[in-house]
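Enquirer: A single structure is presented below for examination.
The values are calculated or read from the model by the stated rules, or taken from the named source; none is laboratory data. As the structure is a computational prediction, the values presented were derived from the model and not from experiment. Cβ: placed from backbone, ideal geometry, glycine included. Neighbour counts: every protein chain shown. Note: accessible area is taken over every heavy atom of the protein model, side chains too, but ligands, DNA and RNA are not part of it. Shrake-Rupley method; radii C 1.70, N 1.55, O 1.52, S 1.80 Å.
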Amino acid sequence: MRRLAPLCVRTVRAARAVSGSTAPCARASAAGTGPVPRSVTQSARASGGASASVGAGASAAAASASAPAPAPASAPASASASAASSAPNSLAILGTRFPTDASTNVSPAILARIPRRLHLLQSHPLAILKRRVCNFLSAHAPFLCLDHLPPAVSLHANFDSLLIPSDHVSRAPTDTYYINATTVLRTHTSAHQSHVLSSKASDAGYLVTADVYRRDEVDTSHYPVFHQMEGIRLFPRHCTNDNTASIAGTTPAEHALFERISKSSVRVQDTTLDDPEPQQSVHTCEESDAVARHLKRTLEGLVHHLFAAHAATSSSSSSPPLQIRWIRGSFPFTQPSYEMEVMFNGKWLELLGCGVIKQQILDASGNSDKVGWAFGIGLERIAMVLYDIPDIRLFWSTDRRFLSQFEGKSDDAAFKFVPYSKYPACYKDISFWLPVDGSFHDNDMFEVVRDVAGDLAEDVALIDTFSNKKTGKTSKCFRINFRSMDRNLVNEEVDVIQDAIRDEVARRLRVELRG
């Protein structure tokens, strides 16, 4: 489930200050603190073709670096709206063609990743983790597991059906990939919640796994395509009391799981007990509390199952007991809402979001006789911890040195990824004056870098902001850190990519380059 609209918790980090140390092939452009920029004249590029399909053509710069192609125009509210007229008139996504319009901001680089569907590849670490979660939860309750749902969804499914306000920031084209004005690439697995609930294919619950899409910052833990799993558990209404074990629909296996967790070494700190969120007005206190306790015990059991194997591979002969902390959350489609954190390497790690499903959602899907809970987890975040994978880009690698390490392993085997190389980084700076109309958004800059440099861009950081009091103009300077996971990059190669990025930034974002 999604950040801001979501149960899958992510922290939106502020721009980070980066030291000025010199990288092996560093060549900095003008810093953002100088007084007057040099004017740069850019020629507009025309984008040909009537339609775009997966893997549409690459730019010369990207081709020379084996990187993806530049993107078509972003949605109208973003800074690159002026290029919208050059977008193709339709997009093909998994065999279905969708018309485009002024809102379209899905790039060929994103389209090319849709058919990969990493969670369906038998020996991929994300598929292994998906099966671990599905197998554990399905062993305790009859969940229906779904993992082939299409990525293109309606605005109603992605936002409205989940009670997400019309002015919510998650709807902005700077956050979301719009196929057209009424269709988006799902931003969370919750986009399918109304559909699966309406299907009534299961009386017990559902586990939905899918690739999800968000425009976001560039670093080693964020990627525009990642994978989530959503769990939904249902119970009959008015059949609960103070005792979690007496919830109608709780299976004997769940009873046994809750008993094991209560007697285990897991240390649970529940801060929500001191500051509880009120239950929904249509729920009794006993009903809401019982569903919440069932949710928490289930997820504590799941996390204990996953992290017990991780502890077994720890270099420490006496790993500390698993520590879990519950804190209050805030999601449009659950109440009460919770977030779970685990202690990992001496720090609290945000793991998932969850809560009691809003009764309005259940009623609208034909389930007014039910109550339930839902949770959402990001598979990459957990896989990076469990398997010691240091960079989110590795999940998309086709290098046999990565993929072969996961082949032939049983799903519950405890093992660690062994890094095969760490090639040197190379950074380049780019600075520019922002458009005076306020249309620039940092995510638009990140999107251009991803489209041109592809996975050669390890991270992008805002390192300086300068306001000229005389002209009223504002300048930003970004540092792009290039690093290949498979080979050494040479300065000349990165210069070509950097020049292409500069051209695209000026063309699509209507900024004035400095130096």
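Enquirer: Determine the share of segment 372-451's accessible area contributed by carbon and sulfur atoms, expressed in whole percent, with a 1.4 angstrom probe. Let's see the in-between values first.
Expert: Details: 1490 of 2680 Å².
With neighbouring chains kept in place, the figure for segment 372-451 is 56 percent.
Enquirer: What FRET efficiency comes out for SER410 versus SER330 if R0 is 41 angstrom and r is the Cβ-Cβ distance? Round to the nearest 0.05.
Expert: Details: r = 39 Å, r/R0 = 0.95.
The calculated FRET efficiency here is 0.60.
Enquirer: Rg and Dmax of segment 384-515 over Cα atoms: what are they, in angstrom?
Expert: According to the Cα coordinates of segment 384-515, Rg and Dmax are 18.7, 65 Å.
Enquirer: Filter LYS130/LYS296; LYS347/LYS416; LYS130/LYS416; LYS347/LYS428; LYS347/LYS422 down to the pairs with a C-alpha to C-alpha distance above 23 Å, please. Before the final figure, lay out each step's value.
Expert: On the way: LYS130/LYS296 20 Å; LYS347/LYS416 20 Å; LYS130/LYS416 17 Å; LYS347/LYS428 32 Å; LYS347/LYS422 25 Å.
Distance filter (> 23 Å) returns LYS347/LYS428; LYS347/LYS422.
Enquirer: Per residue, how large is the accessible surface of segment 181-263? Use a 1.4 angstrom probe and give square angstrom.
Expert: Value returned for segment 181-263: 32 Å² of accessible area per residue.
Enquirer: How about segment 428-472: which trypsin sites (Lys or Arg not before Pro) there lie in a loop by DSSP and see at most 16 other Cβ atoms within 10 Å?
Expert: Working: sites: LYS428, ARG450, LYS469, LYS470; in loops: LYS469, LYS470.
Qualifying residues, ordered by number: LYS469, LYS470.
Enquirer: In Å, what Kirkwood hydrodynamic radius results for segment 355-420 from the alpha-carbon pair distances? Write out the running numbers ahead of the final one.
Expert: On the way: mean 1/r = 0.0664 Å⁻¹.
Answer for segment 355-420: a Kirkwood hydrodynamic radius of 15.1 Å.
Enquirer: In what sequence, highest mean first, do 439-446, 118-125 appear when ranked by Cβ atoms within 10 angstrom?
Expert: Working: 439-446: 20.6, 118-125: 16.9.
Descending mean neighbour count gives 439-446, 118-125.
Enquirer: Could you calculate the contour length gain from ASP274 to GLN122, that is, 0.36 nm times the residue separation minus the distance between their Cα atoms, to one decimal place in nm? Write out the running numbers ahead of the final one.
Expert: Numbers: separation 152, 0.36 × 152 = 54.72 nm, distance 4.41 nm.
Taking ASP274 through GLN122 to full extension adds about 50.3 nm, to one decimal.
Enquirer: Which number do you get for Rg(Cα) / (2.2 N^0.38 Å) in segment 292-410?
Expert: Values: Rg = 17.6 Å, N = 119, 2.2 N^0.38 = 13.5 Å.
Taking the Cα Rg and dividing by 2.2 N^0.38 Å, one obtains 1.30.
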